[in-house]
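Read-outs: derived from the displayed coordinates by stated rules, not from any lab. Since this is a predicted model, take the numbers as computed values, not measurements. All Cβ positions, glycine included, derive from the backbone under ideal geometry; neighbour counts span all protein chains shown.
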């Protein structure tokens with residue numbers, strides 16, 4: 001997709017996964033291209049570039065809602081996605097993980113098995129999300145979005161899907177959020193007790 005006449009290539013998204021043992025040493029790493037922009041991401045980007053407020057997407061609750069980008073771009077909650085830091089325990093927006101196995105579809109509006117925050121059975125501890133900030137190298141610009149989740153329960157947890165939930169509204173307390181990215185892992189990741197998973201999305205645009 002080309003959002004204006006200065007972008008010569010489609011935006012790309014890459015996924016990094018790093019598993020850490022309980023002692024902090026690396027156990028497993030993965031890096032590959034994400035093919036999983038879903039409809040709400042494309043819709044929000046179109047709204048932002050065209051300054052529209054009336055197109056409709058399906059929010060994470062499965063309800064049709066009008067996007068409102070206000071001509072500003074994408075948001076995780078009420079700040080630009082490149083500066084906000086979703087806090088400890090938040091799973092309504094930002095990077096999330098799940099246990100679903102349904103194939104990725106362009107129409108996806110939620111993970112098929114979201115893992116909630118906590119230390120109980122089938123729960124992960126979601127640390128605050130952070131951003132490395134935008135960088136540029138030649139004609140390529142990069143934006144890095146990170147989050148770490150940990151298994152502090154009493155049993156192993158297998159992660160099979162990850163994603164990024166966005167908001168395209170800028171209000172004091174946005175009520176609705178949209179799944180923008182979903183990746184079904186080709187190799188599921190099992191987190192043992194006190195093991196952690198770093199999830200990193202790199203957004204790349206060539207000009």
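Points worth noting:
- Sorted by Cβ density within 10 Å, fewest first, the residues 195, 35: 35, 195
- Relative packing of peptides 153-162, 196-205 - highest average C-beta neighbours within 10 Å first: 196-205, 153-162
- For the range 105-144, the gyration tensor built on C-alpha atoms gives an oblate shape. Its axis ratio a/c (a ≥ b ≥ c) is at least 1.5, and a/b is not larger than b/c.
- Cα centroids of the range 100-160 and the range 182-200: 8 Å apart.
- Each peptide among 115-122, 178-185 gets the average number of other Cβ atoms lying within 10 Å of its residues, and from highest to lowest they stand as 178-185, 115-122.
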